[in-house]
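FYI, it's all coordinate maths here, none of it is from the lab. Small disclaimer: the values here were computed from a predicted structure and weren't measured. Every residue, glycine as well, gets a Cβ built from its backbone with ideal geometry; the counts of neighbours run over all protein chains shown.
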Amino acid sequence: MEKSLHKKAITKTQASIIAVIAIAVMVAIIIFGTRFYFGPSAPEAILIGVPVPLTGPGAQMGEPIPWIVSYVERAVNGEGGIYVKDYGRKIPIKFIVKDTQGDFDLTAAATEELITKDKVSLVLVPIGALAMPAAGMKAEKYGVPAILHFCPPTAIELVGPSKWIYYTTWSFAEEAIMMLEAYDKIETNKVIAGLWVNNPNGQLDRSVMLSYAEKKGFKVVDLGLYSPGITDFSPYIERMKAAKADICHAYCWLEEAPIFWRQCREMGYVPKLAFIGMGAIEPSNLVALGGDLGLGLLSWTMFSPALPFRESITGKIVKELYDMYTRDTGKVAGVNMASYVGFEIAVDVLRRAQSLDREAIIRALADTNLDTAWGNINFKKPYSSLQRELYAQWEPILLEQEDRICVLPNAVGQWVKEDGQWVSKIVYSWIYEDVIPVQKEITPIPGSE
């Protein structure tokens, strides 16, 4: 009897164990079966990290970013997001924007947080040139695909050889020669008063200008490099006046440019042509000068409503982007709207990758061939022979990392006022004349004759 009861007890225990195992197996079948048929559970959003200056010294550059983020997210997510093959469906995108204040250390910290804490699939730095190397170095350290858009060659050089970064850039050497060519479009005494900020950008521009000016029949009165932060340019301006230079080429930095040009006018120096560097690239720069002091100033017009391209996300022409931004915000964008193209690249890459796998994303980046608001972005497009010769002498980094760099077209603009708004009209586009049409002839600065 006892033996029989013992056998029954064992049977009940075994039955309980078998029941537990059966339930566990059923749960496993449900879980893994569901995954087998429906795939792994998808994330709520595809996360793209955007470290960018919104406040501090770089705020001017980052001003359009919140509007661009909102516009692009609405456009892409309005169609359900981006298809990801791993999950068999579309997933919304989300740009996580972190303010870097244009500071190197803050950019590094923000990028690291985006990668390690937010777990972004892609890093996009759409603008903010001086701090871009910090973001690139972090992306390279953690092996996360990164797009450094609108990134100067000097910044690319700081990052060094990379696997995970692709760049869109422009050429300082092209800019210097292009401006010199533009100076030759009207009659002057061909005397250039040259002054440059003492930083890598100013130093390179000076070297190229001095190298090519004499060959093109110009005489350069070389006033050398000035220290950033100065507030009295009168000694330089006196020498410009004494030289009777019809052309003022002053590669000033953002803060110093309006000070320099106001002092020129106060001291009665009104050359026929003038370029004041980084202080005349945005409409806000011209507003800051006051009144009509900006009329006739020349500038690099890398990106403007004059470009004849369409953006790839919603098919708008460039001018429509500018008009929408002004309508929605009450502000006027300048070259800083070029950051939109970085978002175009990011969306296109993720669409083609159809995956959140880092290797798949970097392969898609390498294969980019996209028509954007700034023309064709293609990291495999070869340089012209003229470009190769120019880069070899002045910007070898553009050749050393050629397989991950796209050089963007540029032009020279001249500031005019239309309906009370400052507009930079294209006056010369040199080797890019086939893609960027000229809008007006160069004219002397009012009051110079």
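Details
- Counting charges near LYS215 (Lys, Arg +1; Asp, Glu -1) among other residues having Cβ under 13 Å from its Cβ returns a value of 0.
- Rounded if a/c under 1.5, otherwise prolate or oblate - the chain, Cα gyration tensor axes: prolate
- Approximating the spin labels as points 7 Å out from Cα along Cα→Cβ, the LYS119-to-GLU214 distance works out to 6.3 nm.
- Note on SER355, SER211: ascending count of other Cβ atoms within 10 Å places them as SER211, SER355, the fewest first.
- Added length on full extension, which subtracts the Cα-Cα distance from 0.36 nm per residue, SER385 to GLU359: 6.1 nm
- Exposure proxy order (Cβ contacts within 10 Å, fewest to most) of VAL84, VAL349, VAL69: VAL69, VAL84, VAL349
- FRET efficiency, ASN189 to ILE259 (Cβ-Cβ, R0 25 Å, nearest 0.05): 0.40
- Loop-located trypsin sites (Lys or Arg not before Pro) in the stretch 341-449 (DSSP state not H, G, I, E or B) with no more than 14 neighbouring Cβ atoms inside 10 Å: LYS380, LYS440.
- THR301, THR100, THR55 arranged by Cβ crowding within 10 Å, fewest neighbours leading: THR55, THR301, THR100
- The stretch 298-422: relative contact order in percent, alpha carbon pairs under 8 Å with at least 6 residues between: 30 percent
- Antiparallel DSSP beta bridges within the chain, as percent of all bridges there, nearest 5: 35 percent
- Normalised by the number of residues in the chain, the average gap of Cα pairs under 8 Å and 6 or more apart makes the relative contact order 15 percent.
- Among the listed pairs LYS190/LYS425; LYS98/LYS417; LYS319/LYS440; LYS216/LYS425; LYS215/LYS272, those beyond 27 Å (Cα-Cα): LYS98/LYS417
- Compared with the dominant Cα axis of the chain, that is its longest principal axis, helix 318-329 is turned about 80°.
- On Cα atoms only, tilt of 200-213 relative to the major axis of the chain in degrees: 40 degrees
- 0 to 90° range, to nearest 10: angle between helix 172-183 axis and the chain longest Cα axis: 30 degrees
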